[in-house]
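I have a structure I would like to understand better, so I am pasting it below and will then ask my questions one at a time.
The values are calculated or read from the model by the stated rules, or taken from the named source; none is laboratory data. This structure is a prediction, so every number in the text was calculated from the model and none was measured. Cβ placement follows ideal geometry from the backbone for every residue including glycine, while neighbour counts extend to all protein chains displayed. In case anyone asks, the SASA skips ligands and DNA or RNA and just uses the protein heavy atoms, side chains included. Shrake-Rupley method; radii C 1.70, N 1.55, O 1.52, S 1.80 Å.
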Amino acid sequence: MHLCNTMAASFIKQVFIKIHSAVNSWERSHSRCRRRGLHRDVEQDDLQHNNANCLSSYYSVFVARLAIMVMLAILIGLLTILTWHFTRLYTRASLNALAYGLRYELLQRPVLRMWSILNSTVEITTAQVKLSEFVIRKYNKAENQAEQVEVYAIMREVTWALFASHRALNSITIKYKNGFVQAFHRDPRDNSTYYIYNDLTNYTMAGLYDVNTSSSHHGWNDQTIHSNISAVWYREPLDPDTGEKIGKQKAIPPDELINIAGISQVPYGAASWHVAVSKFTNSPLLSAAMPVRDAAQGSIVAVVGVTTSLYSVGQLMKELVEFHSGHIYLTSQEGWLLATSSTTPLLRNSTSGPNLMMAVDSQDPVIQAGAKWLLKAYGKKPPPNHEVHIEKAKLGNKLYYIDSFFLNLKRLPMVGVLIVPRKYIMGKVDERAFKTLMILISASVCILVIGCVCIFVLTNGVSKEMKLRAELISHLDARRKAEASSNYKSQFLANMSHELRTPMAAVIGLLDILISDECLTNEQYATVSQIRRCSTALLRLLNNILDISKVESGKLVLEEAEFDMGRELEGLVDMFSVQCKNHNVETVIDLSDDMPKVVQGDSARVVQIFANLISNSIKFTTSGYIILRGWCEDSHSFIENGNFLLEKSSCKKDNKVILWFEVDDTGCGIDPSKWESVFESFEQADPSTTRLHGGTGLGLCIVRTLVNKMGGEIRVVKKNGPGTLMQLYLLLGTPVDTPPENYKLKYADHNLKVVLALNGSMGRMILSKWLFKIGVHAWDACEWNELTHILQYLFIPSRYTQNLTFECSKDEPITKQEIEASVFIIVVDIGLLNLSTDIWKEQLNFLDIFNKRAKFAWVLNHDTSNTIKMELRNRGHLLMVNEPLYKSKLVQIMEAAIKEKTISLRHGDTDTHELLEIDNVHSDPESSNDSEKSLNSNSTGIVQVEETRRVVSSSRYGIVSNCFLELTEVCSERNKPGANEAFPVAINNDNAREKRVQYAEKTVNVQKSLEGVRILLAEDTPILQRVATIMLEKMGATVAVVGDGLQAVEALQSPLEDGMTAQQQMRDPPPYDLILMDCQMPKMDGYEATKAIRRAEMGTDLHIPIVALTAHAMSSDEAKCLEVGMDAYLTKPIDCKLMVSTILSLTKLQPNSHIIKSTE
Amino acid sequence: MSSVLQLQRQFIDYTTSLHNEGYLDNQFTELQKLQDESNPDFVTEVVSMYFEDSDKLLNNLTTALQQRNVDYKQVDAHAHQFKGSSSSIGAKRVTNVCAHFKGFCEAKNLDGCLRCLQQVKQEYIFFRNKLEALFRLEQQILQAGGSVPMVE
């Protein structure tokens, strides 16, 4: 069993090894394929690493499996063996005990029968002897023949009685001394009984007596019998029951004599017995002999012999064997067969008559084999008492039990042997045992196999799990690494872009200086401007990267400042329209009237969002339009079916409004499957995008993060027709719930009539719709002919008299009064004029006809040449706006027209300087200053292009919102027709000269750019104190100087703590607009001072900008400065321009009102 | 007037040479630009302040380095201040040496510090002499009735 187990285990092991190697080879080839596919070294390494991991894990799993299986095998084997052993042991023991009892019993019975036969034989003999003695004593005085005969007759009677009473007797013989024999004999073959005697005549009484007398001397022997051969023997058949003579006596030859016991058989005068054979029976006979003594003399007078057949013993044996099977035989001690259970003859016929045969010569094969086996086993020396119990004797092909018992009779010791086939007793048991063993073995093998399979399956799961877990771990590891590297990347990008930004700012600043230089030639100027633009673009890219990394590291903080959303967006569209014009794309802005004018938020970021979106749209739109729509949640929530479903409750919560925007273009569109992914960083809808359109794929990512940061969402929305529709909403605060301007009421009583002659169909449509909505009559024209048609229709061009009438498109008759009262505005796109030839002058001549009736407003291109502008001015068309035309520009135009109308109605032809003020109403203070100057110098016209550039280069916007170039629309007004001669120098001079004038103005502007800014300078070195003070004062700033950080903190706090309440503190602006802080100072250094100031500011809305001054030039110092709460960083020696730009950028962050106030 | 012109030319040449030799840098020019009607003696004022300050600082540095246990932090602070004021005045070479000085202070190299101190002193004296010469020239021009020319 054990051997079997180990063999099975080794076999399983081999199988596993084979499977394992197969799996490995598959894995290897598979991974090789993968590697080939991937072609990436890093992955290869990873895979190899993984493979090694897998291999070791495989080994461990297999070893574990093997161990478990071997253990299982051992366990099952043990169980099987134990079960087998115990069941077999106990049954066998009990069966053996039972079998022993049975065998003993079986053998005991024939032996007992034998014993009883012997006993009865002896008893009969004894009885015969006693009776004979009695008879002979009584008649010992027989003197004559007659008496003798009488004695014999009596003897015959007596003997018959005994013989008849014992049926088992074969014969009784009495041989008298004188040779007379009396015998009764039963022949078992024909169940007849005979009386046998010899002829009395041959024996004389005398002889008898002689014998009697001399017998003591001579004795008598068998010789007498043999000598009596000549005597005649007779046999009489007798009735077996009565003993009556039933037949004639018949003489028989002496040969047929039965065994007559003679004196020789009682040699010592005692009883004796032996086994004999006779002709009449085929079974051995037991014959006993006993002498009959004369009581008086003690001499032997006769010998009695009793013969019993052993046939009945054989019979019993047969019966037993028939019932129980097996063989029994009895032998004498010498091995002569006495009785067997078989029917084979027990005697051997030899020449000298039948003889006893040895057991080994028996004709029964089993008995013969058993006897031979015993002889072979024990030889001539039988074991003491002849007791043998053999359980497994192999006779022939069968197993037998052999048991022998020794019956120790005096003079006739006997041995009984029982041969029982093993099958008889243990047959079933052996069979069952075999079956049980088979079942047990097969069951355990089954269990083993099932167990192994289970283990295999289970461990397979485990190993798979292990493999997965290992993979998971490696993936996690990889992810962690990737995250770490991504973090490093962000960090690196942030640092790098920060580092790069500073030199870029310097480059831009230097370029500005260069541009303002007067000795540049035109080409140089163009080149430098180009560099300036490129630098701005580069800086924008850097800002983008910084933004993303800022957002990624969660450092982006949005400002909360009030700004005019509409104006910012219009500026943005102004800026992009220049770019769009090159693409032949129309840029339109459509903001609904209900948008709050002022919102609270981070204007720069909001502008950045739209700048990115619009520039993105421009990139992909080659023809058509780009519309920026905006509306407020309240009014449109039903119309716009709310793509982002929002609860109404949330939209007005704590003064927040939800502003919806759409950027709609007619570009190539985005595949719907990319609608989500375009917002990922470095993701572009089409891989070819970079090649075709450039860009890094950062723009939309920034947009989304910013939008999300502002509590909004952005997504691409399905639109009809080609192009992309981006929809987003922002959650912005409104400072006060100002009601939106109601244009309808405003213009209702002015009776405005507007003719829109514009190229762009989209913008025109939107404007005319809006005009219609606010109740202003409007006519559309998209080309020159249409315009002339409308004009002629309106004004009946044939007559120039005042009493003209016309009908409007709705067939309303317009009376003269109405024309008087109404204000006609004709908005003409310069593109409608035929500029390629000189026809445009003719066209202008045509329009001049209407100049008195209506107010002309010209929409100029960015590349409209000065000649045309001059011409327009000369003709009195002073209302000019840059493309694109949108609502607020139209509003300005209309207001200007209305104002002019009212003034002209009141004062006739008067100066209308005020108009300029209207136009500049929401320009920043600088430009108002400029305008004032221009007014003073009586050169009111400011060329738009230059104005734009000026604002760009004034670092005020350049730093804070690089992407937002505010294009100030200037509606140059010249109301005095007679003042044309005084019009700008630009008319006479070339462009370059003009610019120089502008930049000369700008230099003045820069030098006084810090006008009114109050600066606290904390510096310990007196030289620096002095230098910085002078520098700042030259810029117009007010400077207070302190010697160390402690003083700085005190200077800042003292006014605050002078009995002011917290509310007052909140309301009153801080005493300084900005602090320039040296980092290394005695008593308290700049870092500590900044920390203290920031601590003091905590809990208030105040945030005083602090600029670090340090002689260190390491970025770590800058980081440290920013960390403690400073806003910017300047290195010594102080660069004047950089300082100014820094200060300006920081003070701009403060609410405008404050600076304006200080300007006043 | 020819002497004025000559003086002016001399002044320009001298200033240019100072720039070229690296004694002065643009910061000095910036200072000169800051001088105007409202602050007629601005440059002189600042420079004299610088001289006073520098004498004091050099003394401090010398004493600090003569201590048994040199307090490098203090030395560094002095050097830093000296560097800051020098750079503000446009004394380029002094500034550069100061930067070296600071490096040695951070490394706590006494030998280097002492060597640098000598260098700084030397450079400072050179600078002082040159500047004083420049101012003398300026005075002469002014006395001669000319105006001090600006050197870009």
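Quick one: ranking B:17, A:283, A:673 by accessible area, 1.4 Å probe, largest first, what do you get?
Result of the area sort, largest leading: A:673, B:17, A:283.
Give the separation of the Cα centroids, segment A:1034-1048 to segment A:822-887, in Å.
53 Å
Which of the GluC sites (Glu not before Pro) across segment A:58-148 are loop residues per DSSP, with 15 or fewer other Cβ within 10 Å?
Of the GluC sites (Glu not before Pro), the ones in loops of segment A:58-148 whose Cβ has at most 15 other Cβ atoms within 10 Å are A:143.
In addition: Less than 10 Å Cβ to Cβ from residue A:422, Lys/Arg counted +1 and Asp/Glu -1: what total charge do the surrounding residues give?
That sum, taken over residues with Cβ under 10 Å, equals +2.
Tabulate in residue order the Karplus-calculated ³J(HN,Hα) for segment A:95-103, using 6.51 cos²θ - 1.76 cosθ + 1.60 with θ = phi - 60°, rounded to whole Hz; enter x for Gly and Pro.
Calculated HN-Hα couplings, in order: 5, 4, 4, 4, 5, 4, x, 4, 5 Hz.
May I pose another question? I want the local charge near residue A:133. Using Cβ-Cβ distances under 10 Å, sum +1 for each Lys or Arg and -1 for each Asp or Glu among the other residues.
Spelling it out: positives minus negatives among the neighbours equals +3.
Taking the full set of protein chains and a 1.4 angstrom probe, give the accessible area of residue A:1014 in square angstrom, rounded to the nearest 10.
60 Å²
Give the residue list of trypsin sites (Lys or Arg not before Pro) in segment B:44-152 that are DSSP loop and have at most 10 other beta-carbon atoms within 10 angstrom.
Sites meeting the loop and neighbour criteria: B:68.
Given the pairs A:855/A:889; B:56/B:121; A:753/A:855; A:597/A:718; A:753/A:841; A:769/A:887, which are separated by over 22 angstrom at their Cα positions?
Violating the 22 Å limit, Cα to Cα: A:597/A:718; A:753/A:841.
Using a simple spin-label model with points 7 Å from Cα along the Cα→Cβ vector, what separation in nm is obtained for residue B:114 and residue A:115?
So the label points at residue B:114 and residue A:115 sit 13.9 nm apart.
If you don't mind, there's one more thing I want to ask. Step through the residues of segment B:60-68 one at a time and calculate ³J(HN,Hα) from phi using the Karplus curve (6.51 cos²θ - 1.76 cosθ + 1.60, θ = phi - 60°), rounding each to whole Hz and writing x for Gly and Pro.
Along segment B:60-68, the couplings run 4, 4, 4, 5, 5, 7, 8, 4, 5 Hz.
Heavy atoms of the protein only, probe of 1.4 Å, neighbouring chains included. What is the accessible area of residue A:165 in Å², nearest 10?
Ignoring ligands and nucleic acids, residue A:165 comes out at about 70 Å².
Moving on to the next point. Using only protein heavy atoms and a 1.4 angstrom probe, determine the accessible area buried between B and A, summed over both sides, in Å² to the nearest 100.
Result for this pair: about 1700 Å² buried.
If you don't mind, there's one more thing I want to ask. Considering only Cα-Cα distances, which of the following residue pairs are longer than 29 Å: A:869/A:1137; B:102/B:130; A:318/A:376?
Those over the limit are A:869/A:1137.
Using modelled backbone amide H atoms (1.01 Å from N, in-plane), which distant-in-sequence or interchain residues come within less than 5 Å of residue A:586's amide H?
Hits under the 5 Å cutoff: A:624, A:625, A:626.
Within 15 Å, Cβ to Cβ, of residue A:756, how many net charges do the neighbouring residues add up to if Lys/Arg are +1 and Asp/Glu are -1?
Around residue A:756, the charge tally is 0.
Roll a 1.4 Å probe over the protein heavy atoms and report the accessible area of residue A:858 in Å², nearest 10.
Per-residue accessible area (residue A:858): approximately 0 Å².
I'd like the distance separating the alpha-carbon centroids of segment B:19-74 and segment A:414-449, in whole Å.
Going from one Cα centre to the other spans 122 Å.
Which cross-chain or sequence-distant (5 or more) residues have an amide H under 5 Å from the amide H of residue A:1042, H modelled 1.01 Å from N in plane?
Here the answer is A:1017, A:1018, A:1019, since their amide H atoms fall under 5 Å of that of residue A:1042.
Per 0.36 nm of contour for each residue apart, how much would the distance between residue A:495 and residue A:584 grow if the chain were fully extended, relative to their Cα-Cα spacing?
28.1 nm
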